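The values are calculated or read from the model by the stated rules, or taken from the named source; none is laboratory data. Here the structure is a predicted model, which is why all the values come from computation and not from measurement. Counting neighbours? That spans all protein chains shown, and the Cβs are built from the backbone with ideal geometry, glycine included.
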Amino acid sequence: MSKKNKDKQNDSAIWKIELDRFYKEARDNNQILWPDEAMKKYIQLIEKGLELIESSSSQAELKPMRGSGRADLIKAHKYAVDLFYKYHFPAKKGASLISSVHLSYLIKLHYEEDKSYREIALLLEPNLETIKDIERAEDRVRKRIESGKDRGL
């Protein structure tokens, strides 16, 4: 089996689906789910499933598991740790959002009072001296106003 097909097979592994579900439920309930707790829940789920299979079928029908169960558990635990950080400590991208009040003020200056980005930048930061600093401030104002449009202000 090619590496590409193996990766596709791993992406749909039941342990990934179930661990994702556990972490989404924990996030939705404002709970912190530690990786070891997630693995305990997963192992309990497997045990329950095996009990159901064993009780509903004869031993002759059961086929032995393929692959290494231990290796899959190690992969699942690593995935649980990754999900722990993904759901509880997501990576922050970019600068933090500026307040709606400040953003509304910038939008009002630009659209209602018809001020250019440069005029607003100089109004907010009057001590800018070089052209390069003024252009950077102007660019920051433009980006903030555009983000206000994206936020529906």
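Assorted remarks:
- If you check 63, 6 for being assigned to a helix (DSSP H, G or I) and either farther than 30 Å from residue 141 by Cα or at pLDDT 85 or above (or both), only one passes: 6.
- Tally, over segment 109-153, of residues that are touching a helix residue (DSSP H, G or I) at 6+ places or on another chain (Cβ under 6 Å) and either in contact (Cβ under 8 Å) with a residue 12 or more places away in the chain or part of a helix (DSSP H, G or I) (or both): 15
- Within segment 70-119, tally of residues that are under 30 Å from residue 32 (Cα atoms), of a type in the set (Phe, Trp, Tyr) and surrounded by fewer than 16 Cβ atoms within 10 Å (Cβ to Cβ): 2
- Qualifying residue in segment 91-100 (condition: assigned to a helix (DSSP H, G or I), over 23 Å from residue 41 (Cα atoms) and in contact (Cβ under 8 Å) with a residue 12 or more places away in the chain): yes
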